[in-house]
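*Asks:* Dropping a structure here in structure tokens format, bear with me for questions.
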Amino acid sequence: MGLSLYNTLTRQVEPFRPLEPPRVTLYSCGPTVWNYAHIGNFRTFLFVDLLRRWLDASGYEVYHIMNLTDVDDRIIKESSRRGLTVDRLVTPFITAFYEDRDYLRIRPAHDYPRATGFIGPMVRLVEGLLAAGVAYRGEDGSVYYSIAKFPEYGRLSRLDRSQLKAGASGRVSTDEYDKEHAQDFVLWKAARAEDETAGAAWDAPFGRGRPGWHLECSAMALELIGRRFGARTLDIHTGGVDLIFPHHEDEIAQSCAFTGEPAFARVWLHGEFLSVKGTKMSKRFGNITTARDLREDGVDAGAIRLLVYQTHYRQKLDLTDQALAAAQEGARRLGAFSRRLEQAGTLPTGEPPPPGPGESLELARAAARMEADFTAALDDDLNGPRAVAAVFEFVSAGNRLLDEGHRPGAVVLDVWRKADQVLAATTRAEVRVLGVPTDSHAAIASTASAETPSSDQPHHQEPPSSLPPDGPEAQDAWATAWAARRLAAKSRRDFGEADRIRDLLRSHGWEVRDRRDGAVEVTRR
Ligand SMILES: [Zn+2]
């Protein structure tokens, strides 16, 4: 059967056929790096990650580009407000974006082009459009795209062409506008004083200025796939639904008029919004809006992934306290099962057992069923909810069979690991959270496996051995005991001892993290 995807261009689920299989060129509109990316942005990036991981798992050779918008109206405005150059403003937010991406286990793109690094290709694109007669220079010194010259304009967003306003009477110079104001849009903005101050103005044959936002993606995508493969058309282009108009409509107009190709991207995929409204979450955590808020509050990335994938990417998702708590429990269950399955399928030497009579046919059958359902679900326009359901069915059946003493063979482990690599939604290690005795709320930790020994554990007790014992459970207890001593050391302000304990735990593969609420988290790396 193979993969089918819902193409916004045709409003249909279509079989996916890349231009040059097995290569897939994938372009994703990335963040505007003037602030921390909102968790709503990350829902879109997580949908793209599911697509990316499923293409990888299906044997495609994906070349994935995600741009970083580091110059546009909002960035210039914010730079001026804070008295910074554009570069100074965006650099820390780019670092933060990569950190958030890694926290959310999003597979890195192959290229993260920054708009300011591609001014040359942007200038060439505008020159090409001027030469083709689809762009013109306005009396304000900016260069505009004449939508009347591109008959396909409005196809992606199903725009009523009779309503279009073209020419000098209908012209928009801002990056963002709505469908009611579809008109000639700006490609290159004549430099103003505040652009110069922000270090965001460049020389061009058609006048000093800076690129319009829509131009950036066309120029970077065409430049990169051109350089690498000599290609002029993308296989897939992704973004949030809010980008269909005007951003993607304008990208198509610019790119196709420049290349003369019938399409800029053959398939357009759009992810729906995530909202954080109507929840108690904002009260409890102080308005969670960014990925780092979730991280600071000790939310496991697996839980966020599970939560996002349990709703189809084309449906709205409301992030609630309850849904997040349920997802945390789900991710924990997946993690616990994963460890149990791996342990049952591994000999004491660490080697997988040879196939043989000990191996369970029933487990193999359950795994095969999961693999078939999981594949069918994701091949059907990335149906995350069905894929997740298939995995949980296997977890239930698998736990029952493991209880009965069944043992997984190499094939079962392989099937499980493949699904696990696509969703990446397991809690990877049991997180132990140790609370502080002065705060009864913080003392009750957020994970089901948490143990909460009080941190005023008598210091005179014998310290645990400095070497971890054998066996995962004994090791967990060992790390927990050391973490409790670290908490006690901190509360009596013995920071030297607290640091020494943290280093000891780290040297044996444990991560130690102090949370904002005063609790200590110990996680096996
Ligand atoms: Zn874009």
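The values are calculated or read from the model by the stated rules, or taken from the named source; none is laboratory data. Since the model is a prediction, treat every value here as computed from it, not as a measurement. Please note: Cβ atoms are built from the backbone with ideal geometry, for glycine as well, and neighbour counts cover all protein chains shown.
*Asks:* Taking the criterion of being surrounded by 19 or more Cβ atoms within 10 Å (Cβ to Cβ), among the charged types (D, E, K, R) and within 26 Å of Y136 (Cβ to Cβ), would at least one residue in the range 232-240 satisfy it?
*Replies:* no
*Asks:* Taking the range 202-211 as the search range and keeping residues that are in contact (Cβ under 8 Å) with a residue 40 or more places away in the chain and over 9 Å from V123 (Cβ atoms), which one is nearest to the ligand (Cβ to nearest atom)? Don't jump to the end; show me each part of the working.
*Replies:* Residues of the range 202-211 that are in contact (Cβ under 8 Å) with a residue 40 or more places away in the chain, as a first pass: 202, 204-207, 209-211.
Subsequent filtering for residues that are over 9 Å from V123 (Cβ atoms) retains 207, 209-210.
On the way: G207: 24, G209: 19, R210: 16 Å.
Going through the qualifying residues, I end up with R210.
*Asks:* In the range 292-332, how many residues are in contact (Cβ under 8 Å) with a residue 40 or more places away in the chain and under 24 Å from L378 (Cβ atoms)?
*Replies:* 25
*Asks:* So which residues in the range 252-275 are away from the ligand (no atom under 15 Å from the Cβ) and within 17 Å of the chain's Cα centre (by Cα), if there are any at all?
*Replies:* Within the range 252-275, E272, F273, L274, S275 qualify.
*Asks:* Okay, moving on. Just for the range 138-196: of the residues that are out of contact with any helix residue (DSSP H, G or I) (no Cβ under 7 Å at 6 or more places or on another chain), part of a helix (DSSP H, G or I) and of a type in the set (A, V, I, L, M, F, W, C), which one is nearest to S79 (Cα to Cα)?
*Replies:* A193
*Asks:* Sticking with this structure for a sec: In this structure, does A182 turn out to be at pLDDT below 95, surrounded by 15 or more Cβ atoms within 10 Å (Cβ to Cβ) and over 30 Å from E296 (Cα atoms)?
*Replies:* Criteria met by A182.
*Asks:* Okay, next question. Scan the range 212-229 for residues that are more than 12 Å from the ligand (Cβ to nearest atom) and either crowded, with 22+ Cβ neighbours inside 10 Å or of a type in the set (A, V, I, L, M) (or both) and report the count. It would help to see each step written out before you state the result.
*Replies:* The first filter runs over the range 212-229 and keeps only residues more than 12 Å from the ligand (Cβ to nearest atom), leaving 222-229.
Remaining after also requiring either crowded, with 22+ Cβ neighbours inside 10 Å or of a type in the set (A, V, I, L, M) (or both): 222, 224-225.
Qualifying residue count for the region: 3.
*Asks:* Within the set of pairs 6+ apart or on separate chains, which have a first residue in the range 348-373 that is farther than 16 Å from G398 by Cβ, a second that is at pLDDT 60 or above and in a helix (DSSP H, G or I), and C-beta atoms under 9 Å apart?
*Replies:* Between residues of the range 348-373 that are farther than 16 Å from G398 by Cβ and residues that are at pLDDT 60 or above and in a helix (DSSP H, G or I), the close pairs are P352/A410; P352/L413; P353/A410; P354/A410; P355/A410; P355/V411.
*Asks:* Within the range 127-134, is there a residue that is of a type in the set (A, V, I, L, M, F, W, C), surrounded by 14 or more Cβ atoms within 10 Å (Cβ to Cβ) and within 30 Å of A37 (Cβ to Cβ)?
*Replies:* In the first step, residues of the range 127-134 are kept if they are of a type in the set (A, V, I, L, M, F, W, C); the result is 129-132, 134.
If we keep only those that are surrounded by 14 or more Cβ atoms within 10 Å (Cβ to Cβ) too, we end up with 129-130, 134.
With within 30 Å of A37 (Cβ to Cβ) added as a condition, the list becomes none.
Among the residues of the range 127-134, not one is of a type in the set (A, V, I, L, M, F, W, C), surrounded by 14 or more Cβ atoms within 10 Å (Cβ to Cβ) and within 30 Å of A37 (Cβ to Cβ), which makes the answer no.
*Asks:* Then there is this: Of all residues in the range 387-416, which are among the charged types (D, E, K, R), farther than 21 Å from V308 by Cβ and in a helix (DSSP H, G or I)? If you could, list the steps in order and put the result at the bottom.
*Replies:* At the first step, the residues of the range 387-416 found to be among the charged types (D, E, K, R) are 393, 400, 403-404, 407, 414.
The next check asks that each one be farther than 21 Å from V308 by Cβ; those that pass are 400, 403-404, 407, 414.
Residues satisfying the conditions are R400, D403, D414.
*Asks:* Among the residues of the range 230-251, is there at least one that is farther than 16 Å from D111 by Cα, part of a strand (DSSP E or B), within 16 Å of the ligand (Cβ to nearest atom) and among the aliphatic types (A, V, I, L, M)?
*Replies:* no
*Asks:* Do the conditions hold for V433, that is, is it under 30 Å from F45 (Cα atoms), β-branched (V, I, T) and at pLDDT 95 or above?
*Replies:* On the way: under 30 Å from F45 (Cα atoms): yes; β-branched (V, I, T): yes; at pLDDT 95 or above: no.
Criteria not met by V433.
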